[in-house]
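In what follows, a structure is listed as C-alpha cells, so that the remarks can point back to it.
The values are calculated or read from the model by the stated rules, or taken from the named source; none is laboratory data. Because the structure is predicted, anything quoted here is derived from the model rather than measured. Neighbour counts are summed over all protein chains in view; Cβ atoms, including those assigned to glycine, are modelled from backbone coordinates with ideal geometry.
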Amino acid sequence: MSGPHPGSPQPGSPRPGPEDRWFTRRQVTALVSVLALAAALGTAAYQAGERLAGTGGGAVVTAATGTVPDGGALYAASCAGCHGADAGGALGPALRASAAWSGADFTRAVLEGRTPDGRTLGAVMPRFAAAGLDGAPPTQAQLDALHAYLKTLP
Ligand code: HEC
C-alpha cells in the first residue's frame with residue numbers, strides 16, 4: 001500500500017474524507033479476499049472432480065467400494081506409459097515373461113523391484129510399495145487384478 005498517509009491531513013486544508021478512503025481500501029481488500037477464496041475453491045473443486053473423473057479415478061473408487069479392481073484400468077493408468085499400451089514393451093520391457101511368474105513373484109517385482117532370480121530392477125521401475133498406486137500402496141487385490149489382466153494379453 002502506498003500513497004499519502006490518511007491520518008495526517010494538512011492543517012487548514014479540507015478533510016480528505018477519511019471515511020471514503022477507508023471504505024475504498026476496505027472494499028479493495030474485500031475484493032482481493034473474495035477473488036483469492038474463489039480461486040482456492042475453484043482449484044479444490046477442480047482437483048476433486050479430476051480425482052473422481054480423471055485417469056486412475058476408477059481405481060480409487062473400486063478400491064474404496066471393495067469391488068474387484070479393474071486390472072486393465074490400473075495398468076493403463078500406472079504401467080502402460082512405460083511398458084506400452086499392450087505391455088509389448090517401451091521404456092520398460094515387455095511383460096509377457098513376468099505375466100507367467102507366480103503371483104508372489106509378480107507382487108515382489110511390482111512392490112519391491114526384485115525378480116524371481118534375485119535381480120534388482122533398475123531404478124526407473126517404480127517400487128510401488130513406496131511409490132503407491134493412486135496415492136496408496138497397492139492392495140493385493142489390485143496386484144492380482146493387474147497380474148490377471150497381463151495374462152489376458154496376447
Ligand atoms: C517409469 C516407468 C515405469 C513404470 C511406470 C512401470 N514400470 Fe515396470 N519396469 C520399468 C523398467 C525400466 C523396467 C526394467 C528394469 C530392469 O530390468 O532393470 C521394468 C520392469 C518391470 C518388471 C520386470 C519385468 C522382467 O521381465 O524383468 C515388471 C513385472 C514390471 N516392470 C511391472 C510393472 C507394472 C505392473 C507396472 C504398473 C503398476 C509398472 N511396471 C510400471 C519401468 C516402469
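Yes/no per residue for (1) touching a Pro at 6+ places or on another chain (Cβ under 9 Å); (2) surrounded by 12 or more Cβ atoms within 10 Å (Cβ to Cβ); (3) not assigned by TED's automatic domain parsing to the domain that holds Ala77:
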{"position": "Pro93", "(1), (2), (3)": "no, yes, no"}
{"position": "Thr107", "(1), (2), (3)": "yes, yes, no"}
{"position": "Val110", "(1), (2), (3)": "yes, yes, no"}
{"position": "Gly118", "(1), (2), (3)": "no, no, no"}
{"position": "Ala123", "(1), (2), (3)": "no, no, no"}
{"position": "Pro126", "(1), (2), (3)": "no, yes, no"}
{"position": "Gly132", "(1), (2), (3)": "yes, yes, no"}
{"position": "Gly135", "(1), (2), (3)": "no, no, no"}
>> So, in the stretch 72-127, exactly how many residues are touching a residue at least 60 places away in the same chain (Cβ under 8 Å) and within 10 Å of the ligand (Cβ to nearest atom)?
In response: 4
